[in-house]
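Single-structure report; data block below.
Taken together, the values in this text are just the output of simple stated rules run on the coordinates, not laboratory data. Treat the numbers as computed from the prediction; the structure is a model and nothing was measured. Note: ideal-geometry Cβ built from the backbone for every residue, glycine included; neighbour counts use all protein chains shown.
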Amino acid sequence: MRIVLVADGRSTITRNWLACLAGEGMDIFMVSTFPCEKPQQVHEMLILPVAFSSLAGGQVSLSGEKKNPGGGLRKAISFLRGSFQRLRYRLGPGTLRFYRKRYLDFINKIQPDLVHALRIPFEGMLASFTPAQYPVLISTWGNDLTLHARGSKRMAGWTRKALQRANGLMADADRDLKLAVEWGYNATFPTLMVPGNGGLDLAYFKQLDARKEKKKTDKNSQNYHIINPRGFRPGSVHQDVFFNTIPAILGKIPNIRFFCPAMAGQAAAERRVHELGIEKQVQLLPYLPQPELWDLYRDCDIYLSLSSHDGTPNTFLEAIACGCFPIVGDIPSLRAWVEDRKTGMLVDPTNVEQVVKSVVKALQAKELRKAARSSNWKIVNERADRKKVRKAIIDFYKLFLPSSMIN
């Protein structure tokens with residue numbers, strides 16, 4: 001099966017998806033909308049930096065580490081992240097046609113059995129140029145339809161164009177499968193709900209757990225650890241609320257450390273930590289390779305994600321697989337995974353007082369967190385195991401192949 005993935009080749013999600021798909025009978029090609037190294041699973045790759053993506057961040061190595069993360073222009077864009085996103089909403093769709101010919105030349109050269117765009121902006125939008133003889137599948141991320149599609153009239157128009165072109169749709173939340181029809185997807189066409197990262201390698205997580213049991217940890221048993229790995233996502237994740245909760249939480253339980261991957265060097269984070277006087281309790285970390293991030297999850301008591309636009313965050317699945325107790329935004333996609341006050345807690349992601357109360361209550365309820373850990377492992381085993389997810393994806397792909405190609 002010859003597959004062209006249209007994706008952000010830098011992203012952890014794309015790398016996980018490649019790990020899920022790679023195997024016998026799969027020939028994978030890629031159109032990356034961001035500059036990056038060619039992943040080893042990919043036979044050939046074309047880089048098309050649509051919507052000013054070459055300015056949005058440095059390249060990422062295959063180990064997951066950012067290259068040249070500091071540097072003048074990109075650092076300025078990081079500081080003005082919200083403004084840059086609004087600029088992409090207004091002008092980004094207008095760049096797509098400049099890449100149309102190069103995209104079509106690549107597709108016609110590869111002659112894939114199908115094209116799969118791993119999200120709508122701007123990968124699904126680019127994939128809408130695909131000639132009719134090639135089936136197009138589109139995956140949605142949690143904020144594609146609830147946030148980005150509403151960013152401008154152009155974003156709305158191109159979102160409809162992408163979904164009207166799609167022959168198949170994947171989502172990690174039932175809500176998005178329904179919303180997609182409102183945005184133009186044909187309700188009679190096939191759909192599939194699977195984790196957006198292609199699932200988790202649970203055998204690895206079991207090994208990780210066994211290693212952690214044998215290895216002494218430097219975590220003080222009298223301290224609590226809370227992790228917020230969501231970074232800055234304007235309009236989606238409310239990091240301003242997160243920082244504002246910390247002094248009140250520490251006022252009730254002083255012996256807590258907060259770990260914040262993907263926030264080192266971020267001016268907004270550094271400023272708030274200094275203004276609130278919480279430098280000793282908050283550790284702003286760089287982007288971490290996944291094995292290091294998972295090790296950190298293992299040492300943390302609570303995973304805290306205050307988002308109002310999400311599907312099923314990959315960090316959420318990884319965190320609960322590592323035993324973290326999740327406290328997350330009370331939104332439809334996460335209600336499908338979290339039973340409030342049993343397997344986690346659902347909160348208003350904009351309500352400081354409610355978040356504070358939930359965090360304090362969870363830290364004081366050791367037995368609740370222990371029971372949730374066991375329940376959440378069963379949940380990821382049932383719904384996010386990579387072997388099961390891969391089979392579901394391959395079976396879905398086969399729906400779009402000529403019968404002569406299906407074994």
- the chain, Gaussian network, Cα under 10 Å: of Gly124, Gly329, Gly265, the residue fluctuating most is Gly265
- For the chain, with a Gaussian network of springs between Cα atoms less than 10 Å apart, report the residue from His148, His116, His43 with the top mean-square fluctuation. His43
- Just Ala173, Ala132, Ala392 to compare: in a GNM of the chain, with alpha carbon springs under 10 Å, which one fluctuates most? Ala132
- Message: Quick check: pseudo-label points 7 Å beyond the Cα along Cα→Cβ at Arg97 and Lys252, how many nm apart are they?
- Response: 5.6
- Leu55 and Lys391 label points (each 7 Å along its Cα→Cβ direction) are spaced in nm at 4.8
- chymotrypsin sites (Phe, Trp or Tyr not before Pro) restricted to the range 245-334 and DSSP loop, no more than 13 other C-beta within 10 Å: none
- Using a simple spin-label model with points 7 Å from Cα along the Cα→Cβ vector, what separation in nm is obtained for Lys342 and Gln111? 5.4
- Computed over the chain: longest principal axis from alpha-carbon atoms vs helix 202-214 long axis, angle to nearest 10 degrees, is 20
- Message: Can you report the principal axis dimensions of the range 202-383 using only the alpha carbons, biggest first, rounded to whole angstrom?
- Response: 42, 37, 30
- If you place +1 on the Cβ of every Lys and Arg, -1 on the Cβ of every Asp and Glu, and leave all else neutral, what size is the dipole of the range 202-383 about its Cα centre, to the nearest 20 Debye? 620
- Item | Loop-resident sites, the range 230-318, for GluC sites (Glu not before Pro), counting at most 13 other Cβ within 10 Å (DSSP) | Glu279
